[in-house]
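The values are calculated or read from the model by the stated rules, or taken from the named source; none is laboratory data. This one's a predicted model, so the numbers in the text were calculated from it and none came from an experiment. Don't worry about glycine lacking a Cβ; one is built from the backbone with ideal geometry, like all the others, and counts go over all protein chains shown. The area values use the complete protein model at the heavy-atom level, side chains included, leaving out ligands, DNA and RNA. Shrake-Rupley method; radii C 1.70, N 1.55, O 1.52, S 1.80 Å.
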Amino acid sequence: MFHLHYDTRLDALADTLAGLLARPDPAHLLRPQTVLVPQPGLQRWLVQRLAEKHGIAANLEFIAPAQLVWRMLRATYRELPQSSAFDREVLRWRILAVLQSDDLPRALQQLTGSDAQALRRFELAGHLAQLFERYQGYRRGLLEQWQQGAESDDPQAQLWRRLTSIEEP
């Protein structure tokens, strides 16, 4: 079941969550409680706050809004894969594959450099995956413009178009 709590004060929300977690559901004692958080920094702060209130913060699963939406879609459409092709960790590997391809556009070659080492490409892929994940949440319009062909010289736009044109198995 999904419960939405909102407040303009983050500490009040954390206290509400702490109160809810203090009343465990006996039918689901071993199931982790799922908490929706928009960013990893907030997750770390919330874990600290809950640990201060209860002495421990355990058996919690923190997910981003995009992950929640994907789970809801999967509940309706069982044929969808377990994780989205645009989840950060999946996207990292897809970006890495593009960065390692032989037909990499010049603008993207500038991102990796001519003598790019494997570790550098991997780190860059992780950074770009995180960036695209944020764009999906906060700059959706920009991604849609890129997909339509806007900013043709921008390396990020070129990479986004490559990623959205790749057919997934």
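For the chain, what % of the accessible area comes from carbon and sulfur atoms, probe 1.4 Å?
52
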Using the Karplus equation 6.51 cos²θ - 1.76 cosθ + 1.60 (θ = phi - 60°), what ³J(HN,Hα) coupling, rounded to whole Hz, does each residue of segment 94-100 give in order, writing x for Gly and Pro? 5, 5, 4, 4, 5, 5, 8
Run the simple label-point estimate for Leu36 and Asn59 please: 7 Å along Cα→C-beta, distance reported in nm. 2.3
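Rounded to the nearest whole Å², what accessible area per residue is found for the chain with the 1.4 Å probe?
Computed with neighbouring chains in place, this is 69 Å² per residue.
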Sorted peptide list for 122-129, 27-34, 10-17, criterion being average Cβ within 10 angstrom, highest first: 122-129, 10-17, 27-34
Computed over the chain, Kirkwood Rh from alpha-carbon pairs, angstrom: 18.6
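Evaluate E = 1/(1 + (r/R0)^6) for Leu80 and His5, where r is the Cβ-Cβ distance and R0 equals 30 Å; express this FRET efficiency to the nearest 0.05.
0.60
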